[in-house]
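The values are calculated or read from the model by the stated rules, or taken from the named source; none is laboratory data. Predicted model only: the values in this text are computed from it and were never measured. Ideal geometry is used to build each Cβ from the backbone, glycine not excepted, and the neighbour counts take in all protein chains shown.
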Amino acid sequence: QRAGSQNVTVYFIFSFILARGGPHLANPPTVIVMVGLPARGKTYISRKLTRYLNWIGIPTKVFNVGEYRREAVKHYSAYDFFKSDNEDAVKIRQQCALAALRDVKNYLTEEEGQVAVFDATNTTRERRDMILEFGAENGFEIFFIESVCDDPNVIACNILEVKVSCPDYQDCNKTDAMDDFKKRIECYRMNYQPLDPDQYDKNLSFIKVIDVGRRFLVNRIQDHIQSRIVYYLMNIHVQPRSIYLCRHGESQQNMQGRLGGDSGLSTRGRKFAGALAEFVEEQNLKDLKVWTSQMRRSIQTAEALNVPYEQWKALNEIDAGLCEEMTYEDVRERFPEEFALRDQDKYYYRYPSGESYQDLVQRVEPVIMEMERQENVLVICHQAVMRCLLAYFLDKSADEMPYLKCPLHTVLKLTPVAYGCKVESISLNVDAVNTHRDRPERGPSILIRRNSVTPLTSPEPNKKPRMEGLDDPIIREVTPAQLTLCSASHTTLALSTQVSHSYCPYIFTA
Amino acid sequence: MNVTEDSTEQCGNSLTRELTQNPLKKIWVPSSTNGLPERHISQRKVCMTNCPTLIVTVGLPARGKTYISKKLTRYLNWIDVPTKEFNVGQYRRECVKIYKSFEFFQPDNEEGLKIRKQCALAALNDVRQFLTDEGGQVAVFDATNTTRERRETIIRFAEQNGFKVFFVESVCEDPDVIAENIVQVKLGSPDYIHCNTEEAVADFMKRIKCYENSYQPLDEELDRDLSFIKIIDVGRRYLVNRVQDHIQSRIVYYLMNIHITPRSIYLCRHGESDLNIKGRIGGDSGLSARGKEFAKALRQFIQSQNIRDLKVWTSQMKRTIQTAEALGVPYEQWKALNEIDAGVCEELMYEEIQQRYPQEFALRDQDKYRYRYPKGESYEDLVQRLEPVIMELERQENVLVICHQAVMRCLLAYFLDKTAEELPYLKCTLHTVLKLTPMAYGCKVESVCLNVDAVNTHRDRPSNVNVLRTTEDALQTVPPHL
C-alpha cells in the first residue's frame, strides 16, 4: 500500500465519520435566530459569525429576511411599510419570513448545512414562538442572539455606516434616509418584547448582547457549538483598527526554492525588514502589537522594527514533514504521488508526518480569536499561515485558501468596514523571488465530498422568496406611495469608503 | 513607537541583529551584545500584561465558591499562569482553633466580626505578597464577600497595588444543590469534625442564614462599572459584565464550560506498539500482539463498566486508532491528541539519542517540561496543544481518551493538579486504565491494570544531568527493551 495515498484515504474516511473540530453527524443542525430592533448590529453579527463558523469548518449560511422583502417589494417607499397596522405589508413580511424559513430547512436538511442564521428583527414573542415550533418540527436546535442597545450614538453610527447606503435609500439624501430609518425603528419598538430570562423565555437558549458587548446575559448553553459561538461573540468588538499581515522577508531557503526549514533572511529580506520598519513608522499607529512566529526569518524581520514583539508558535509555517527543505522538484521526484495528491486537493492534503491547511486552521484559531480582541496588530508570518488568516478575514473557502496570493515583501492592510473588510495591498518595493504556485489545471479529479469540516465561503444570501406553494400565490404589489420623504434632487449616495471589489462583494444589505 | 536605547545604532540600518537559539527551548532570541537581558521580545503566554489579576468570589455559603476557586486555580496553573487561592475560611480556622457553632457568624457578634475582618486582611496581605513579590499572576480571593462594603475594601486594595479585579459570583436557590454541597464538602470540614450529620447540617443552614440578611448581590446597575461574571443556578445562566482582557475572557469561557454532573473520565494509552517493544520513541507504528490483546481486554473492561453514553476519543496515530477499533463503538480522532513530536529524535532509541545528540539528551533531563526536541515539541507546547481537549472534556460527561505517554501525562497533570516539574515524570504505564471521578474539591483516581504484559516505557530522571556526563550515567534509567 502506498503510504501517501493511504494517509489521505484513511484521513478522508475518518474525517467523514468523526473528525475533531467539525460537528458530529449525529448532532442536530442549529438555527441561530437574531433578535433586536433595527440598527442594533444583527446583520453585522450574523455575517461575522457565519464567516467564523465557515472558516473553522462548520457549514453556515445567513438568511436575511430584509433581502427577501426587497425581492418581493421591488421599490421601498417609506417607513410606513413597517407600521404594524399596514395589513398588506404585514402579510408580505410574514410570507418573506416563511420563505426564508423554508430555505433554512432546505439548507439544513438537503444541502448539508450545519448552522443557519436567521437574520431578522424577530422582536415579538409570536414570531419567535413560530420559529421555535419550526425548530421542533424539524429537529433543529434553536439559539437566539439578541442585541440590545440604547446608546443613540452607536445607533446613529450604525445607520450611517450601513443603512443610509442600502438599496432602500438609494434615491434619498443622508438626512432623509436617517430620518425615515429612525421612524422605521419606532414602528418596531412599540411591539418589541425582549427576551425575558426570568419568566417567559427562561427555558430558551440564548445570549443577550448588551451595549455592543459591554455586558452579556447567557442562558442555557446546550452544546459545544453554542459555547464556541458565545466565546466568539464575547471577544469581538467594533473599535476601528487595522490589521497588517505580511510574510517574513525573503529567506535563504526561499532563494533556493526550498520548502519550510528555519533559515535566516537573505540580503533582500533584510532590506525588506528595514523598509517594513519605515512603513510601520509612517503609519503612525497607536499601540501597535507586533506578532511573529517562532521561526528565525519572521523574528529577524521583527527585530528590524525595534519595537516589542510577541512570538507565537501557532504562527509557525505549515510543517511539510518529510518534504521539509526540499525543492518542489525534489518532491516531485522523490514523492510523485504525494506531489499529485497535493495538487488534487491542497486544502485537505497533509504532508507525510506533516500538516495540512486544515490542520493549520485549527492551529491558528486561537490567533484569530486574539486578533479579534486586539486593536492594531501587525502579524509577520509565512505563506500558508498568511493564507489561512487572510481566508478568515476575506471569507474565502477551503478551495480558494491554498491559492491566495501572498507575495513576499508585500503588506496587506485590512480595515473592517461595514459588513466586511477593506484591503489595501502595499508592496514595499524590495525585489524577492516568487513563491506562489498556481492551481494546476484540473485533470480528472476525484469527487471531493464536502464534509462537515470544510470551510466554505459564506454562501450568497438567498434573495428569491419562494412564492410557489403559498396559500395566497398572488402577492399584490404595494402601490408605491409618493416619495414624500425624498427631495427632488436625489443624490446617489457614494459609498462611505472605497472598497476593492474583488475582495468584498457584500456591501449592501440591510 | 518605542525605540530601545541600546539599539540606536540599529535605527535606519537595514542589518538586523544576530539571533541565537536558546538550546533548551529552541527559541530564537537576539544575542545580547552588552550583557543586559533582552526586554523587548517575549514568547506568547496567556498573560501578556504586567498587571496581575485579583479574582474575588462572591456568594452565600455552600454556593460552590471554593469549588470554583480551586478548579479555576488548577486550570490557570496548568496553562502556565501562576495562580494561587486564598481561602479566608482557612485563615479563620487558624485563628479560632475550635469552631463552636454558627453563632460565630451572627452579624451582631462583635468578637466574631473583628476576627473575620482580620482574617480577610491577613489574606489580602498574602495576596499582595504573592502578586507583587512572588511572581504570581492571578490570586483568587475565596470568601463570601457578600456586602458591597467588603467589596469596596477589596477594590481599593487592588487599586492601591495596581491589580485588576474580576468578581465571580455564584447565585443559587435550588435547595437540592445546596444540600448536596453541604453533604459533599461541609460535613467533612474540620469545623464539624465532632458533629454528626444532622447537627452539622442544621448548624450550617443557620450559618447561611447569618449571611442572608446582609447579602447584596452584584447588581447590573449599581455595579455596572465592575468586571464580573454572575453564575446562576450552577451554570444555567450567566451574566457577564465588562470583560477587560484576555485572561478574563479565558476565565469566563472556562467557567461557562464546566459542570458538576457526576461522570467519569477514563485515560489510557494505546496498546503496546511495535516501536515500544524495540525501545524506540515516537513514530506511527501499529500494535504488537500484546497490544492487540490489550485492546480486546479494554473492550471487555468498558463493557463491564456499563457506562452511559460513553464518548471515545483517540489521536490520529495508528496505534490509538487500532486500539479504539477493537472496542466496536464510534470514536472521534483528535490530531491534538497525537504524541509529542520528537523532531529529529523520532523513532530513535534512547541509546541512539545519547550517541547522536548527547547535549540534547542532557538538556532534556535538566528541564524535561520546557525542553523542546530539535524540530519537535516540548511538554510546554503539548499543554498548549491540548487545552482545547481539556475544554471539551470539561463540557462532556463520560469519556474514554486513548492517547500516548506524554499526552496522558499532560492530561493527568491537569486533573490531579501536578506541577510542571512533576508532569513529565508521572507514571502512565501501558495497558493500565486510569479512572478519574470528580469528587468534592478534587479527583478520585482508580488505577485499573488490565493484566496484559507490556514493556515499561518510563524513564526516570537520572542523577547526573550534566552535559558532560558519561554515556553510562546518561543511560542509567533507560528501561529495558529488545
Scan the range A:305-312 and tell me whether some residue there is surrounded by fewer than 20 Cβ atoms within 10 Å (Cβ to Cβ), in a loop (DSSP other than H, G, I, E, B) and more than 9 Å from every other protein chain (Cβ to nearest Cβ).
no
Given the residues A:L204, A:L160, which is the only one that is within 14 Å of chain B (Cβ to nearest Cβ) and among the hydrophobic types (A, V, I, L, M, F, W, C)?
A:L204
Selection count where residues are away from chain A (no Cβ under 14 Å), out of contact with any Leu (no Cβ under 9 Å at 6 or more places or on another chain) and crowded, with 20+ Cβ neighbours inside 10 Å, scope the range B:327-360:
2
Within the bounds of the range A:113-133, is there any residue that is out of contact with any His (no Cβ under 7 Å at 6 or more places or on another chain), polar (S, T, N, Q), in the same structural domain as A:Q226 (by the TED database) and part of a helix (DSSP H, G or I)?
no
Filter the range B:237-246 down to the residues that are part of a loop (DSSP other than H, G, I, E, B), under 24 Å from the mean Cα position of the chain (by Cα) and at the interface with chain A (Cβ under 10 Å from one of its Cβ atoms), then identify the one that is nearest to B:F163 (Cα to Cα).
B:D245
Odd one out for B:S249 among (1) assigned to a loop (DSSP other than H, G, I, E, B); (2) within 14 Å of another protein chain (Cβ to nearest Cβ); (3) more than 25 Å from B:L121 (Cα to Cα):
(1)
Quick one: is B:A324 within 14 Å of another protein chain (Cβ to nearest Cβ) and over 26 Å from the mean Cα position of the chain (by Cα)?
yes
Mind checking which helices (runs of 4 or more DSSP H) fall wholly inside the range A:182-286 and carry at least 3 residues that are more than 30 Å from B:E18 (Cβ to Cβ) and modelled with pLDDT of 95 or more?
A:224-235
Just one of B:K65, B:K114 is touching a residue at least 60 places away in the same chain (Cβ under 8 Å), within 18 Å of B:R151 (Cα to Cα) and of a type in the set (K, R); which is it?
B:K65
Assess whether B:E212 counts as being touching a Leu at 6+ places or on another chain (Cβ under 9 Å), modelled with pLDDT of 90 or more and of a type in the set (D, E).
yes
Among the candidates A:Q222, A:Q226, single out the residue that is surrounded by fewer than 18 Cβ atoms within 10 Å (Cβ to Cβ) and more than 8 Å from chain B (Cβ to nearest Cβ).
A:Q222
For the range A:333-365, enumerate the residues that are surrounded by fewer than 20 Cβ atoms within 10 Å (Cβ to Cβ) and either polar (S, T, N, Q) or not assigned by the TED database to the domain that holds A:S397 (or both).
A:Q344, A:S353
What about B:M408, is it modelled with pLDDT under 95 and in the same structural domain as B:R308 (by the TED database)?
no
Please pick out the residue among B:P438, B:P479 that is within 24 Å of B:I281 (Cβ to Cβ), modelled with pLDDT under 95 and not in a helix (DSSP H, G or I).
B:P479
Among the strands (runs of 3 or more DSSP E) confined wholly to the range B:3-80, which include 1 or more residues that are modelled with pLDDT of 70 or more and within 14 Å of another protein chain (Cβ to nearest Cβ)?
B:19-21, B:28-30
Looking at the range B:289-296, can you tell me whether even one residue there is more than 13 Å from B:L450 (Cβ to Cβ) and free of Cβ contacts under 8 Å to residues at least 60 places away in the same chain?
yes
Taking the range B:415-433 only, how many residues are crowded, with 18+ Cβ neighbours inside 10 Å and either β-branched (V, I, T) or in the same structural domain as B:W78 (by the TED database) (or both)?
2
Sort out which residues of the range B:252-275 are within 14 Å of chain A (Cβ to nearest Cβ), closer than 29 Å to B:S315 by Cβ and under 19 Å from the mean Cα position of the chain (by Cα), and write them in order of number.
B:Y253, B:Y254, B:L255, B:M256, B:N257, B:I258, B:H259
Can you confirm whether the range A:63-81 contains a residue that is among the aromatic types (F, W, Y), over 20 Å from A:Y188 (Cβ atoms), part of a helix (DSSP H, G or I) and within 23 Å of the chain's Cα centre (by Cα)?
no
Quick check on this structure: which one of B:F204, B:F228 is aromatic (F, W, Y), within 30 Å of the chain's Cα centre (by Cα) and surrounded by 18 or more Cβ atoms within 10 Å (Cβ to Cβ)?
B:F228
Enumeration of residues in the range B:254-266 that are farther than 16 Å from B:K70 by Cα and either touching a helix residue (DSSP H, G or I) at 6+ places or on another chain (Cβ under 9 Å) or buried (at least 21 other Cβ atoms within 10 Å of the Cβ) (or both):
B:S264, B:I265, B:Y266
Name the residues in the range A:154-191 that are surrounded by 15 or more Cβ atoms within 10 Å (Cβ to Cβ) and farther than 27 Å from A:V417 by Cβ, would you?
A:C187
When A:P240 is run through (1) facing chain B (nearest Cβ under 8 Å); (2) closer than 30 Å to A:V280 by Cα, the failure sits at (1)
In the range B:81-107, the residues that are in a helix (DSSP H, G or I) and farther than 29 Å from B:P438 by Cβ
B:C95, B:E103, B:F104
Mind listing whichever residues of the range A:316-352 are over 20 Å from A:R258 (Cβ atoms) and within 14 Å of another protein chain (Cβ to nearest Cβ)?
A:Y348
How many residues of the range B:399-414 are part of a strand (DSSP E or B) and surrounded by fewer than 23 Cβ atoms within 10 Å (Cβ to Cβ)? The answer is 1
Name the one entry in A:E375, A:E365 that is facing chain B (nearest Cβ under 10 Å) and either over 14 Å from A:Y244 (Cα atoms) or at pLDDT 95 or above (or both).
A:E365
Being more than 10 Å from chain B (Cβ to nearest Cβ) and within 27 Å of A:S427 (Cβ to Cβ) narrows A:S263, A:S298 down to just A:S263
